[in-house]
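Throughout, read-outs are computed from the coordinates displayed, never taken from laboratory work. Since the structure is predicted, the reported quantities are computational estimates derived from the model, not experimental observations. With ideal geometry, Cβ positions are generated from the backbone for all residues, glycine too; neighbour counts draw on all protein chains shown.
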């Protein structure tokens, strides 16, 4: 019985990083389709710039064991989400400069936790993994003869999951964690822009 419990947990963990393989081998499992995180419900921030640019400067970041990089196994992509933020939240209204949005940190990892072993472990349901997430973004004004300016903000969150969670339950946890990080980052970036880039705001 102990082996069955541990094998099931291993399948769930492997499934998070191999969703495509899992869905192909177990077509009977109904996977949840997670909606994109958008910002159309938020009023856009008008800037006196000619265009909005987006860069991903965090792609080369590495993760040290025992943590596992899960950036590319998340229900929604952090890079695509923040690119969408740049173009849905910021609106160019003409000007000599450009606004460049740079993703400077994109860290989402799975950290294994100690679980009960032996016979006692068969009857316990432990928290088996901790998910940690962090996003950081810089917004800079460049190419304006009158001057330059920049702001940055960072948001983090973490969640733990029990070893008996299904793949869909794990993805739901990750989706909710991602949404909470993005919401906090959106609010902090707007505060920073309005406080420190007022010179380029369409309406101060």
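Quick notes
- Residue check for residue 111: in contact with a helix residue (DSSP H, G or I) (Cβ under 9 Å, 6 or more places away or on another chain) and part of a strand (DSSP E or B): no
- Considering 159, 154, 170, 188, the condition of being in a helix (DSSP H, G or I) and surrounded by fewer than 19 Cβ atoms within 10 Å (Cβ to Cβ) is satisfied by 188 alone.
- Scanning region 153-200 for residues that are within 16 Å of residue 86 (Cα to Cα), in contact (Cβ under 8 Å) with a residue 40 or more places away in the chain and in contact with a helix residue (DSSP H, G or I) (Cβ under 7 Å, 6 or more places away or on another chain) returns 182, 186.
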